[in-house]
Amino acid sequence: MAKHSKKSGNLWSTPAAEILRATDETSVADLDCSLTPGFEGTKTDGQALLAERGEVLSALQEKLYANGRSGDLRSILLVLQGMDTAGKGGMVRHVIGMVDPQGVDLASFGVPTQEEKQHHYLWRIRNALPRGGRIGVFDRSHYEDVLVVAVHDLVPRQVWEPRFDEINAFEKELVDGGTHIVKVALFVSPEEQRSRLQERLDRPDKHWKYNPGDVTERGFLPQYRTAYQRVIDRTNTDYAPWHVIQADRKWYARLAVTELLIDALQKLDLDWPKADFDVEVEKQRLADS
């Protein structure tokens, strides 16, 4: 993704896809979740830019969908990981909501159903993969099977430990098949998480979002940081890299994911599919009708 100048109205000093990409030096424990890496504007600037870039995202997504309708099997898969209140749901509403829903395949992965428990943990993931020409969105994902299960000892280590290599192989298979994977880990500070949970308690229109278990999970924050660090260290590959987003500022996180999706779509270098009919003949037929 090319670096934009501030003259163009884009206040990214470094492209999001570059500055947010996880490296060997990425430390989950040391993240300052209030920062806005690479973006030098204000909240107002960020919100204005989100609307502007949303139009770019929508146009690119329409081109992807058009190609899919013409038989192109390529797709985008956005993997959203983060604890409750990290902003996954808001990402779906405010970022994915800017594109045509016809071209979106959305899946949310909670506690496995009884049927899902009867299968390999990747079974339900494979069933939800995006079709050609679509942007697929995973609200939580296959990474739950190396995160939650490890934090809460739901299965022995000798069960979840081999899954890292299995997940890497699975994602390589997807990439080789034409799916561009955008993996995003959203992190909020304990203070911001408390504030967001408090808002859910204070507002009757937010009660439906509140889960008493979220407070219980706050007692496992150190274990989750360790688990996420392990995930990033073990599955941050060249073909499916992780992007780590400090998400205390919702506007920044949404703008960052928008930029990551635009970058992914631009890399597909899509053009409009050619007509499978004679355009001039059809023009004449229409004029004569």
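Assorted remarks:
- Positions within the range 213-230 being at pLDDT 95 or above and either out of contact with any helix residue (DSSP H, G or I) (no Cβ under 9 Å at 6 or more places or on another chain) or of a type in the set (Ser, Thr, Tyr) (or both), in sequence order: Tyr224, Thr226, Tyr228
- Any pair with Cβ under 8 angstrom, 6 or more apart, that starts in the range 192-208 at a residue that is over 25 Å from Gln246 (Cα atoms) and among the polar types (S, T, N, Q) and ends at one that is open to solvent by 50 Å² or more (accessible area, probe 1.4 Å) and in a helix (DSSP H, G or I): none
- Flag for Arg163 being in contact (Cβ under 8 Å) with a residue 12 or more places away in the chain, of a type in the set (Lys, Arg) and touching a Ser or Thr at 6+ places or on another chain (Cβ under 7 Å): no
- If you go through the range 188-225 and keep only what is more than 25 Å from the chain's Cα centre (by Cα) and under 16 Å from Ala29 (Cα atoms), you end up with just Gly219.
- Selection of the range 211-237 for residues being surrounded by fewer than 16 Cβ atoms within 10 Å (Cβ to Cβ) and part of a loop (DSSP other than H, G, I, E, B) yields Asn211, Gly219, Phe220, Thr237.
- Count of the range 250-273 residues which are in contact (Cβ under 8 Å) with a residue 40 or more places away in the chain, charged (D, E, K, R) and surrounded by fewer than 21 Cβ atoms within 10 Å (Cβ to Cβ): 4
- Helices (runs of 4 or more DSSP H) contained in the range 66-168 and holding at least 2 residues over 24 Å from Leu197 (Cβ atoms) and open to solvent by less than 50 Å² (accessible area, probe 1.4 Å): 123-126, 144-151
- Being of a type in the set (Gly, Ala, Ser), under 30 Å from Thr216 (Cβ atoms) and at pLDDT 95 or above holds for only one residue in Ala128, Ala169, and it is Ala128.
The values are calculated or read from the model by the stated rules, or taken from the named source; none is laboratory data. What you see is a predicted model; the values in this text were computed from it and never measured. FYI the Cβ positions are ideal-geometry reconstructions off the backbone, even for glycines, and counts take in every protein chain you see. For accessibility, only protein heavy atoms count, side chains too; no ligands or nucleic acids. Shrake-Rupley method; radii C 1.70, N 1.55, O 1.52, S 1.80 Å.
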